[in-house]
Amino acid sequence: MKKFSLFTTLLVVVSLQIKAQYNFQLLGKKTYTGQNLSGSWGWNDTINNKEYALVGTTKGLSIVDITTPATPVEVKFINGKQGTWRECQTYGHYAYITQDNDTTNSEGILIYDLNQIPAGKADTFKGTTVNDYISRSHSLYIDEKGFLYLNGGDARVNGVRTNGVLIYDLKPNPMKPTYVGFTQNLFGTGAVNYVHDCYVRNDTMFQAHIYNNRFTVWDVRNRSNPIKIQDFATPYSTIHNMWLSDNSKTLFVSHEQFNYPAEAYDISDLNNIRQLCEFKVAPANQEILHNVHVLNDYIIGSYYSDGVAIFDASDPTNVVCVAYYDTQPTSTKTENGVWGAYGF
């Protein structure tokens, strides 16, 4: 099996013990006190040959040098508003940090130039014009064309609150994103279609609607006017996130709910979306899958108190767990444990 360099973020501070693991080796760990952890991402400094973990916490973003995996060292901490939900992704050497915690005293999103580690400070970004305003955002995605997508949370377009997706172009100036457009899900009338997360590739957007059992597909070739082209019902509710296979033919779907499986869908024909299989770490597990990411033919799943798992998805009709590490062996069926697992 392919070897991965992987790091995970734990929702609570735990003592890592070996109870249930296979094809996984612990290389190092960093313990946090006085704060819980949330989303994680990574950045590779090719100029200085450094690797960094970007770790969301309840107090801000922790930037950790993991070049020597056995001894991870925090080299920068970016303070943020207190709260549970914090995510981060990168575009080039810029980090974009979301929070979904504080509307009345908003920090919008924070942008930090990673080339300045450990110096510099993060800039606060709340919108491009008087017509777009970011109070908070639940999650984000940055596509291969340099567009930033802000999902859920609380934002305003032309004075109207929306919890859909706001779209920004990062290419003109990564420190000052340019507002492009949005997909409209209004508070009150359309809250059931709240967008928890999205995935975008080749001008096609997939939206995860966590409060129902649907995902939607959008044509975003014109990002100032996204067009919904498919609204698909799944057997399960609480769609949390989605990720495409490398060949763009299979969509993998997570459901943040006890005992729900992950799913694989054939989306090669958007007019005929078909479920290919359901999969779990173990058939009898009452596990909670938080997120799925895809690397080559493998799926990386963060499973809260059931730890982290890797699946062989080379045959999307028969997805098989090939590696597993339980980071929270004293707990099960809880949201303590692995919030995010980054393997890129």
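The values are calculated or read from the model by the stated rules, or taken from the named source; none is laboratory data. Predicted model, so just to flag it, every value in this text is computed and none were measured. With ideal geometry, Cβ positions are generated from the backbone for all residues, glycine too; neighbour counts draw on all protein chains shown. SASA here: full protein model, heavy atoms, side chains in, ligands and nucleic acids out. Shrake-Rupley method; radii C 1.70, N 1.55, O 1.52, S 1.80 Å.
Worth a mention:
- Every test in (1) modelled with pLDDT of 95 or more; (2) assigned to a loop (DSSP other than H, G, I, E, B); (3) not hydrophobic (A, V, I, L, M, F, W, C) is passed by residue 106 save one, and that test is (1).
- Residue within the stretch 157-167 that is under 19 Å from residue 241 (Cα atoms), touching a Cys at 6+ places or on another chain (Cβ under 7 Å) and among the β-branched types (Val, Ile, Thr) present: yes
- Residue within the stretch 96-103 that is within 21 Å of the chain's Cα centre (by Cα), within 30 Å of residue 237 (Cβ to Cβ) and charged (D, E, K, R) present: yes
- Pairs meeting the criteria (first residue in the stretch 263-279 and among the basic types (Lys, Arg), second residue part of a loop (DSSP other than H, G, I, E, B), beta carbons under 9 Å, at least 6 apart or on different chains) are 274/267.
- Hits in the stretch 159-175 - residues which are in a strand (DSSP E or B), closer than 30 Å to residue 115 by Cα and open to solvent by 10 Å² or more (accessible area, probe 1.4 Å): 169
- When the strands (runs of 3 or more DSSP E) confined to the stretch 176-279 are screened for residues that are over 21 Å from residue 312 (Cα atoms), open to solvent by 20 Å² or more (accessible area, probe 1.4 Å) and not charged (D, E, K, R), those reaching at least 2 such residues are found at 178-183, 227-233.
- Number of residues in the stretch 123-140 that are under 21 Å from the mean Cα position of the chain (by Cα), buried (at least 19 other Cβ atoms within 10 Å of the Cβ) and not basic (Lys, Arg) equals 7.
- Each residue in the stretch 170-182 was checked for being in contact (Cβ under 8 Å) with a residue 40 or more places away in the chain and either within 19 Å of residue 89 (Cβ to Cβ) or in contact with a helix residue (DSSP H, G or I) (Cβ under 9 Å, 6 or more places away or on another chain) (or both), and 9 pass.
- Consider the stretch 89-120 and keep the residues that are farther than 24 Å from residue 181 by Cα and in contact (Cβ under 8 Å) with a residue 12 or more places away in the chain. The one that is least open to solvent (accessible area, probe 1.4 Å) is 114.
- Qualifying residue in the stretch 225-238 (condition: of a type outside the set (A, V, I, L, M), touching a residue at least 12 places away in the same chain (Cβ under 8 Å) and over 29 Å from residue 262 (Cβ atoms)): yes
- Segments classed as strands (runs of 3 or more DSSP E), wholly inside the stretch 285-344, with at least 2 members that are more than 14 Å from the chain's Cα centre (by Cα) and crowded, with 23+ Cβ neighbours inside 10 Å: 308-312
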